[in-house]
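The values are calculated or read from the model by the stated rules, or taken from the named source; none is laboratory data. Computed from a predicted structure; not experimentally measured. Heads up, the Cβs are rebuilt from the backbone with ideal geometry, glycines too, and the neighbour counts pull from every protein chain shown.
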Amino acid sequence: MGVFGTKNFMRDYLSRQIKKFGRVKFLQKRSASDFSESSAANGPSAEEIDFTNLPRHIAVIMDGNGRWAKRISMPRAAGHAAGAETFRTVANYCKKIGIDYLTVYAFSTENSKRPPEEVAEIMRLLDKYLREALEKMEKDQTRMKFFGDTDALSAELRELITKTNKLSAEIKGFQVNMCVNYGGRDELVRAAKRYAEDVKNGLPNELSENAFSDYMYSEGIPDPDLIIRPGGELRMSNFLLWQLAYSELYFTEKLWPDFDEREIDRAVIEYQKRSRRFGEVK
Ligand code: FPP
């Protein structure tokens, strides 16, 4: 026996877990530390993710960049730069653990009212990350889609988006949906206008929920199962208004730049405790 009785401890632990979950279920429950080093270092609740019951689609309101920067006496731009790095970490992690879709709110229709230098900084970051994505997406088998009125963006960004869309059409894997100049109400109005146009041209004759979904930016993509909002605010801020009908919502005080793999674990674990009834009795 080792100094701390490791062998007995492990044997007892395993038999307790098998008793609790049954052999198959327990063996299917993989530790998050299989996927992330920071998860391994962050305590026992990492064990609780059930990898047989992952949300297929996670969406995030990346809030708290400005407050994070203020806390360390840095300009807001530093908060956005840190937030963009967090996006990279979270996207890599979601892909690694088997999430199919990650949708992030990078810039809302309302964000254009921010000081021009802040808007320019967010656009610069988008430009930087899109160039990087273009280099790697084929190798990583990661595709991207853009939700929002991208016509209003700079010619350079629009060109990058066109190239990204073209490349994405060839890719089948994990998908990032980047919401840029996006607003949920704006998306609904755009959908209504496009539908009206189709009716004028004699196309569809009956409007159903399913048919109308195809007029959204999210056409063909399952609705988000889990929407995460860091930063402590308890509102949806015009995000995915059509798609969120039955999404599970997860709010946390953590600021977005402080988010990491472990925070995603926490949100997923909380999601797995919810009973999703979709309005039915279960
Ligand atoms: C909200 O925090 C965040 C934004 C409006 C911008 C988010 C943009 C990025 C993370 C960078 C670009 C994105 C990518 C994916 C490359 P806030 O500024 O409102 O924070 P506050 O509430 O603390 O002021």
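Structural remarks
- Within the range 88-102, the set of residues being within 15 Å of the ligand (Cβ to nearest atom) and in a helix (DSSP H, G or I) comprises Arg88, Thr89, Val90, Ala91, Asn92, Tyr93, Cys94, Lys95.
- For the condition among the aliphatic types (A, V, I, L, M) and either at pLDDT 95 or above or in a loop (DSSP other than H, G, I, E, B) (or both), Ala191 qualifies.
- Selection within the range 212-243 - under 13 Å from the mean Cα position of the chain (by Cα) and not in a loop (DSSP other than H, G, I, E, B): Leu226, Ile227, Ile228, Arg229
- Enumeration of residues in the range 55-73 that are more than 7 Å from the ligand (Cβ to nearest atom) and of a type outside the set (S, T, N, Q): Pro55, Arg56, His57, Ile58, Ala59, Val60, Ile61, Ala69, Lys70, Arg71, Ile72
- Against the numbered list (1) in a loop (DSSP other than H, G, I, E, B); (2) within 10 Å of the ligand (Cβ to nearest atom), Glu85 comes up short only at (1).
- Tyr250 falls short on exactly one of the conditions (1) of a type in the set (Phe, Trp, Tyr); (2) farther than 17 Å from Leu102 by Cβ; (3) without any contact (Cβ under 8 Å) to a residue 40 or more places away in the chain, and that condition is (2).
- Listed by first and then second residue, the pairs linking a residue in the range 105-133 that is free of Cβ contacts under 8 Å to residues at least 24 places away in the same chain to a residue that is near the ligand (Cβ under 9 Å from one of its atoms) and assigned to a strand (DSSP E or B), with Cβ atoms under 9 Å apart and 6 or more places separating them unless they lie on different chains, are Val119/Phe107.
Okay, residues lined up against (1) basic (Lys, Arg); (2) under 23 Å from Asn65 (Cβ atoms); (3) touching an Asp or Glu at 6+ places or on another chain (Cβ under 7 Å):
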| site | (1), (2), (3) |
| --- | --- |
| Tyr105 | no, yes, no |
| Ser112 | no, yes, no |
| Tyr129 | no, yes, no |
| Glu138 | no, no, no |
| Lys163 | yes, no, no |
| Lys166 | yes, no, no |
| Ala169 | no, no, no |
| Tyr182 | no, yes, no |
| Val199 | no, no, no |
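- Yes/no for Val180 being part of a strand (DSSP E or B) and of a type in the set (A, V, I, L, M, F, W, C): yes
- Any hit, the range 115-132, residues being closer than 28 Å to Tyr246 by Cβ and either surrounded by 21 or more Cβ atoms within 10 Å (Cβ to Cβ) or near the ligand (Cβ under 9 Å from one of its atoms) (or both): no
- Search result, residues across the range 135-157 that are more than 19 Å from the chain's Cα centre (by Cα), within 15 Å of Ala106 (Cβ to Cβ), of a type outside the set (Val, Ile, Thr) and surrounded by 13 or more Cβ atoms within 10 Å (Cβ to Cβ): Asp149, Leu153, Leu157
- For Gly173, the conditions (1) within 16 Å of the ligand (Cβ to nearest atom); (2) of a type in the set (Gly, Ala, Ser); (3) touching a residue at least 24 places away in the same chain (Cβ under 8 Å) all hold with the exception of (1).
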